[in-house]
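The values are calculated or read from the model by the stated rules, or taken from the named source; none is laboratory data. Keep in mind it's a predicted model, so treat the numbers as computed, not measured. Please note: Cβ atoms are built from the backbone with ideal geometry, for glycine as well, and neighbour counts cover all protein chains shown. Ligands, DNA and RNA are stripped out before the accessible areas are found, and what is left, the full protein with its side chains, is counted by its heavy atoms. Shrake-Rupley method; radii C 1.70, N 1.55, O 1.52, S 1.80 Å.
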Amino acid sequence: MNRRLRLGLSGIAAGLAVFLVAPLLFERGAVNDLWNVAFAIVLASAWNILGGFAGQVSIGYSAFLGIGAYTTALLCLRGVDPWLTLPLGALLGAIASWIIGLPAFRLRGPYFTIATIGVSEAVRVVASGVAFTGGSSGVRMPPGTYNFERNYAAIGVLAAAAVAISAVIRELPLGRALSAVRQDVDAAEALGVPSTRVKLIAHAISAALVSLAGGLFAMNFQYIAPGSVFDFRLSLSIVLMPIVGGVGTIAGPILGAVIFSYLQIKLLSTPALRDSYLFLYGGLLMLVMLFEPKGLVGLWTRLRRAVWTPSPPKPEALPHG
């Protein structure tokens with residue numbers, strides 16, 4: 001294990017410890033906000049495994065969130081313990097990612113992105129039209145399945161796990177293969193990288209993490225509907241967070257998730273601005289892409305180099321004569 005990875009994992013463990021202690025120090029409203037921040041970190045870090053490391057921009061991750069949420073809700077209605085439904089939801093999310101990825105990864109660039117949008121919307125329409133999901137009315141979790149303290153600890157552990165998995169993948173041969181695919185897929189394949197296989201693996205890992213978050217979402221809010229968990233705006237938000245923070249990095253998705261959650265919480269508390277958070281976040285995205293395409297992490301790196309990098313010594317003047 002290299003030094004950078006050890007430091008990263010130590011920082012993740014410290015952040016998790018602070019998160020778990022927070023309920024003892026803050027009121028319930030602030031703790032609810034922290035739950036939303038951790039939830040956003042899971043989504044952003046999971047998407048970054050495929051979209052950041054491999055450069056595959058998918059705008060359909062709400063489909064995996066919905067799969068996890070509905071798996072938990074529907075099984076709980078049949079008497080299954082909600083915590084036992086989480087691994088199954090993660091497995092179904094990973095299977096769905098392979099079913100979606102096998103044809104979609106034949107496409108490249110914007111064609112792949114458009115295909116993921118179509119798949120996500122198709123899943124939402126199907127979930128709204130079939131009876132066992134409750135149709136467009138959605139389903140409500142059965143009584144006795146709400147335990148905020150356990151759910152809060154679980155989302156914190158999941159957020160730490162998502163960041164740690166991203167950090168470990170980046171240092172593994174899988175991470176280097178994904179980086180090669182991002183830079184030039186044809187050159188990567190010429191060097192022996194099985195591009196489709198590594199993209200499918202990254203897709204499955206990220207989809208499983210998002211599906212786990214979907215199960216915790218259902219347990220926390222106790223009600224889900226196709227319009228909430230399969231929402232296109234949610235898929236777009238998942239993409240925006242790592243791009244603003246710094247796509248392809250470990251800290252970028254965390255920064256983007258914290259900023260997005262803060263903006264969303266503040267704007268939702270103002271009735272006149274409840275539907276404007278995506279507009280403002282889109283404006284922030286435009287500023288980042290115009291002035292610093294590497295996001296806030298790239299901006300910090302550039303500022304740090306400008307401040308701490310010593311200027312080269314001036315050459316001494318040659319004596320005349």
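Structure notes:
- CD proxy at 222 nm, helix term only [per DSSP H run n ≥ 4: -39500 (n - 2.57); per residue of the chain; nearest 500]: -24500 deg cm²/dmol
- Dipole of the chain, positive end: most advanced residue of Leu158, Ile224, Cys76 [Cβ charges, Cα centre]: Leu158
- Accessible area of segment 1-66 belonging to carbon and sulfur atoms, whole % at 1.4 Å probe: 66 percent
- Remark: accessible surface ordering of Thr249, Thr116, Thr270 (largest first) is Thr270, Thr249, Thr116, probe radius 1.4 Å.
- When +1 charges are put on Lys and Arg Cβ atoms and -1 charges on Asp and Glu Cβ atoms, the dipole computed for segment 130-239 relative to its Cα centre reaches about 140 debye.
- Take every Cα pair under 8 Å whose residues are at least 6 apart in sequence, average their separation, divide by the length of the chain, and the relative contact order is 30 percent.
- Rounded accessible area of Trp300 (nearest 10 Å², 1.4 Å probe): 140 Å²
- Amide proton proximity set for Ile224, modelled H, under 5 Å, gap of 5+: Val139, Met141
- Two-site label geometry, Ala30 and Leu290: point separation in nm, points 7 Å out along Cα→Cβ: 3.7 nm
- Theoretical gain in end-to-end length, Leu84 to Leu5 [0.36 nm per residue, Cα-Cα removed]: 25.3 nm
- Distance between the pseudo-spin-label points of Asp186 and Leu299 (7 Å out from Cα toward the beta carbon): 3.6 nm.
- Here the gap between Leu172 and Leu91, fully extended at 0.36 nm per residue and compared with their Cα-Cα distance, gives a gain of 26.9 nm.
- The protection proxy used here, the mean number of other Cβ atoms lying within 10 Å of each residue, ranks peptides 203-211, 176-184 as follows, highest first: 203-211, 176-184.
- In order through segment 247-263: 3J(HN,Hα) via Karplus (6.51 cos²θ - 1.76 cosθ + 1.60), integer Hz, x for Gly, Pro: 5, x, 10, 8, 6, x, x, 5, 4, x, 5, 5, 5, 4, 4, 4, 4
- Note on segment 95-184: with charges restricted to the Cβ of Lys and Arg (+1) and Asp and Glu (-1), its dipole about the Cα centre is near 120 debye.
- Residue-count net charge about Thr301 - beta-carbon cut-off 12 Å; Lys, Arg +1, Asp, Glu -1: +3
- Given +1 at the Cβ of Lys and Arg, -1 at the Cβ of Asp and Glu and no other charges, the dipole of the chain around its Cα centre is 420 debye to the nearest 20.
- Solvent-accessible area per residue for the chain (1.4 angstrom probe, square angstrom): 51 Å²
- Segment 77-152-segment 210-252 distance, computed between alpha-carbon centres (Å): 12 Å
- Note, ³J(HN,Hα) from phi for segment 117-123, Karplus 6.51, -1.76, 1.60, rounded to Hz, x at Gly and Pro: 4, x, 5, 4, 5, 5, 5
- The listed residues Lys294, Lys266, once ranked by accessible area (1.4 Å probe) with the largest placed first, stand as Lys294, Lys266.
- Entry for Cα extents along the principal axes in Å (calculated from the structure that is shown) out of (i) 95, 43, 31; (ii) 96, 52, 43; (iii) 70, 42, 40: (ii)
- Length released on extending from Ser136 to Arg106, taking residue separation times 0.36 nm less the Cα-Cα span: 7.5 nm
- Rounded if a/c under 1.5, otherwise prolate or oblate - segment 129-196, Cα gyration tensor axes: oblate
- Solvent exposure ordering (accessible area, 1.4 Å, most first) of Leu5, Leu88: Leu88, Leu5
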